[in-house]
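J.: The structure's right below; bear with me while I get my questions together.
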Amino acid sequence: MPEGGCFCGRVRYSVEGEPLGKALCHCLDCRKITGSTYSTNIIIAGLDFKLVAGTPKSIAKMADSSREIVSHFCGDCGSTLWRDGASFGDAKVVKAGTLDDIDALDNAQPAVELFSSHRVSWVGEIAGAAQKAGM
């Protein structure tokens, strides 16, 4: 069962099964929580996601989609680990870079890019990924 966690190691999770989806998100929220140009995400069914150590903090806000989204992060080191909210049903949007597997990002090649209209000019489209202006 693949596991992941925050930078300091205090919050840990595990996932089972195949992802429901794989997506890059260029929304302004994802820029803020990653400190980068986009986030790389795998969508995991709620029943396939388990918190195995620690107690993350969370913050809810209205996302670029105009729906509430909740970010779950380590209160010690600040790493955002996953997001969820009504837009996703019971699914968890796991930040692929927080998985322990060195190949996790290679395996997270996106099928879709969200908020592609917000993509910075020096980042190109991912070949074969659908391009969506929103979520």
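The values are calculated or read from the model by the stated rules, or taken from the named source; none is laboratory data. Computed from a predicted structure; not experimentally measured. Backbone-built Cβ (ideal geometry, glycine too); neighbour counts: all protein chains shown. For the accessible areas, the whole protein counts, side chains as well, though only heavy atoms, and no ligand, DNA or RNA atoms are used. Shrake-Rupley method; radii C 1.70, N 1.55, O 1.52, S 1.80 Å.
J.: Can you confirm whether Gly46 is surrounded by fewer than 22 Cβ atoms within 10 Å (Cβ to Cβ), more than 12 Å from Val94 (Cα to Cα), of a type in the set (Gly, Ala, Ser) and over 13 Å from the mean Cα position of the chain (by Cα)?
T.: Working: surrounded by fewer than 22 Cβ atoms within 10 Å (Cβ to Cβ): yes; more than 12 Å from Val94 (Cα to Cα): no; of a type in the set (Gly, Ala, Ser): yes; over 13 Å from the mean Cα position of the chain (by Cα): yes.
Criteria not met by Gly46.
J.: If I ask for residues that are surrounded by fewer than 15 Cβ atoms within 10 Å (Cβ to Cβ) and among the hydrophobic types (A, V, I, L, M, F, W, C), which ones from the range 6-35 would you list?
T.: Passing the criteria: Phe7, Cys8, Leu28.
J.: Scan the range 8-24 for residues that are of a type outside the set (Val, Ile, Thr), farther than 15 Å from Ala96 by Cβ and assigned to a loop (DSSP other than H, G, I, E, B) and report the count. First the steps, then the outcome.
T.: In the first step, residues of the range 8-24 are kept if they are of a type outside the set (Val, Ile, Thr); the result is 8-10, 12-14, 16-24.
Checking the rest, the ones that are also farther than 15 Å from Ala96 by Cβ come to 8-10, 12, 16-17.
In the following step, the residues that additionally are assigned to a loop (DSSP other than H, G, I, E, B) were identified as 8-10, 16-17.
Residues in the range 8-24 being of a type outside the set (Val, Ile, Thr), farther than 15 Å from Ala96 by Cβ and assigned to a loop (DSSP other than H, G, I, E, B): 5 in total.
J.: Any idea which of Asp101, Asp90 is closer than 21 Å to Ser71 by Cβ, surrounded by fewer than 17 Cβ atoms within 10 Å (Cβ to Cβ) and touching a residue at least 24 places away in the same chain (Cβ under 8 Å)?
T.: Working: Asp101 fails: closer than 21 Å to Ser71 by Cβ.
Result of the check over Asp101, Asp90: Asp90.
J.: Here is a follow-up. Inspect the range 104-112 for any residue being open to solvent by less than 70 Å² (accessible area, probe 1.4 Å) and over 30 Å from Thr55 (Cα atoms) and give the result as yes or no. Lay out the reasoning, then the answer.
T.: Initial filter on the range 104-112 (open to solvent by less than 70 Å² (accessible area, probe 1.4 Å)): 104, 108, 110-112.
Next, from what is left, pick out any that are over 30 Å from Thr55 (Cα atoms): 111-112.
Yes, some residue in the range 104-112 is open to solvent by less than 70 Å² (accessible area, probe 1.4 Å) and over 30 Å from Thr55 (Cα atoms).
J.: Kindly indicate whether any position in the range 85-94 is under 16 Å from Phe115 (Cβ atoms) and touching a helix residue (DSSP H, G or I) at 6+ places or on another chain (Cβ under 8 Å).
T.: Initially, the range 85-94 is screened for residues under 16 Å from Phe115 (Cβ atoms), giving 85, 87-88, 93.
Now narrow it down to the ones that are touching a helix residue (DSSP H, G or I) at 6+ places or on another chain (Cβ under 8 Å): none.
For the range 85-94, residues under 16 Å from Phe115 (Cβ atoms) and touching a helix residue (DSSP H, G or I) at 6+ places or on another chain (Cβ under 8 Å): absent.
J.: For the range 117-135, give me the residue count where each residue is small (Gly, Ala, Ser) and closer than 18 Å to Lys32 by Cβ. Please lay out each step first, then the result.
T.: Our first condition is that a residue be small (Gly, Ala, Ser); within the range 117-135, this holds for 117, 121, 124, 127-130, 133-134.
Filter once more, keeping what is closer than 18 Å to Lys32 by Cβ: 117, 134.
Matching residues across the range 117-135 total 2.
J.: From the set of residues in the range 113-135 that are under 25 Å from Ser66 (Cβ atoms) and hydroxyl-bearing (Ser, Thr, Tyr), which is surrounded by the most Cβ atoms within 10 Å (Cβ to Cβ)?
T.: Among those residues, the one meeting the criterion is Ser116.
J.: Further question on the same structure: Could you list, in sequence order, all residues of the range 25-48 that are closer than 14 Å to Pro110 by Cβ and in a strand (DSSP E or B)?
T.: Residues satisfying the conditions are Cys25, Ser39, Thr40, Asn41, Ile42, Ile43.
J.: State the number of residues belonging to the range 61-87 that are loosely packed, with under 12 Cβ neighbours inside 10 Å and either basic (Lys, Arg) or more than 19 Å from Pro19 (Cα to Cα) (or both).
T.: Of the range 61-87, the ones loosely packed, with under 12 Cβ neighbours inside 10 Å are 61-62, 66, 86.
If we keep only those that are either basic (Lys, Arg) or more than 19 Å from Pro19 (Cα to Cα) (or both) too, we end up with 61-62, 66.
Number of matching residues: 3.
J.: Could I ask something else about it? Could you say which residue among Leu28, Leu51, Leu105 is at pLDDT below 95, touching a Phe, Trp or Tyr at 6+ places or on another chain (Cβ under 9 Å) and farther than 18 Å from Ala130 by Cβ?
T.: Details: Leu51 fails: at pLDDT below 95; Leu105 fails: touching a Phe, Trp or Tyr at 6+ places or on another chain (Cβ under 9 Å).
Leu28 is the lone residue from the list that is at pLDDT below 95, touching a Phe, Trp or Tyr at 6+ places or on another chain (Cβ under 9 Å) and farther than 18 Å from Ala130 by Cβ.
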